[in-house]
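What follows is a single structure, written as structure tokens, with notes after it.
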Amino acid sequence: TFPLALDVGSGRGYIAQHLTKETIEKLIQVDIAENALKNAVESEIPTVRVVADEEFLPFKENTFDLVVSSLSLHWVNDLPKAFKEIQQVLRPDGVFLGAMLGGDTLYELRCSLQLAELEREGGFSPHVSPFTALADLGHLLSRAGFNTLTLDTDEIQVNYPGLFEIMEDLQGKYILCMGESNCSWNRKPLLHRETMLAAAAIYQEMYGNRDGSVPATFQIYYMIGWKYHESQAKPAQRGSATVSFGDLGKIEGLLKRGKK
């Protein structure tokens, strides 16, 4: 049971719909987008909504028993600082559960746009927000003060009729309302029509499915990190092991011998 939980980058409160009042007694939702919080979905859990930046959380240290964040941290400018803020507002033995888009997200779209721009305009600029690599994530969490880390990754492929439908979806005009276009301040403001048509052709040629659709890949990183408390399990001393990994190959033989 978590008496007080925080949802960082809550948006319209999608996580809250999957939480129960038996597990969480009170929930604070934080997002920098005021309109998203105003249109948040109601939850059975008593909820307070706060407009704030993930990099400057307006809470005292050791306040929350649980912090969650789903698919919002890739928008953060200073990810190490955001992790540090989350770690500070957690109570000792509190846990952070997060999910964020990873480095291979939309690689088909990025590659197609880059090749088309190189061909038609002699250079390219990014049109999709940058993403963190999995190899860096564990280091960032550890540096922020989290321990007993667990990291996992998953890939989801969504099929679209073509490149233009993908870009419409990413700009938030369709049901998904993803809004995953480029957030960089110095991004190129527009793409020429010829470049877009070339990118669509490249996308279809390089990644197209047999039925004429094209895939869009979304890589998701899942992370769990705990704030230190003296009651937590500690790793055994180096050299204290009584079993060798080299013995794992003998397990099958020992099991067969046991059955006989």
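The values are calculated or read from the model by the stated rules, or taken from the named source; none is laboratory data. What you see is a predicted model, and the numbers here were worked out from it, not measured in a lab. As a convention, Cβ positions derive from the backbone with ideal geometry for all residues, glycine included, and neighbour counts pool all protein chains shown. The protein model used for the area step is the full one, side chains on, heavy atoms only, and it has no ligands, DNA or RNA in it. Shrake-Rupley method; radii C 1.70, N 1.55, O 1.52, S 1.80 Å.
A few comments on the model shown:
- Qualifying residue in the stretch 138-158 (condition: modelled with pLDDT under 90, in a helix (DSSP H, G or I) and crowded, with 20+ Cβ neighbours inside 10 Å): no
- Scan the stretch 227-260 for residues that are part of a loop (DSSP other than H, G, I, E, B) and surrounded by 10 or more Cβ atoms within 10 Å (Cβ to Cβ) and the total you get is 3.
- Scan of the stretch 44-76 for residues that are of a type outside the set (A, V, I, L, M) and under 18 Å from residue 221 (Cβ atoms), ordered by number: 54, 69, 70, 72, 74, 75
- Residue, surrounded by the fewest Cβ atoms within 10 Å (Cβ to Cβ), within the stretch 60-118, restricted to residues that are in a strand (DSSP E or B) and of a type in the set (Ser, Thr, Tyr): 70
- Scanning the stretch 33-69 for residues that are under 20 Å from the mean Cα position of the chain (by Cα) and touching a residue at least 40 places away in the same chain (Cβ under 8 Å) yields 54, 57, 66, 67, 68, 69.
- Contact annotation: residue pairs with Cβ atoms under 9 Å, 6 or more positions apart or on different chains, pairing a residue in the stretch 137-149 that is without any contact (Cβ under 8 Å) to a residue 12 or more places away in the chain with a partner that is of a type outside the set (Phe, Trp, Tyr) and open to solvent by 30 Å² or more (accessible area, probe 1.4 Å), are 142/149.
- Residue match in the stretch 14-32 (condition: under 16 Å from residue 97 (Cβ atoms), surrounded by 14 or more Cβ atoms within 10 Å (Cβ to Cβ), among the hydroxyl-bearing types (Ser, Thr, Tyr) and under 21 Å from the mean Cα position of the chain (by Cα)): no
- Test: residue in the stretch 85-96 that is at pLDDT below 95 and closer than 29 Å to residue 193 by Cβ: no
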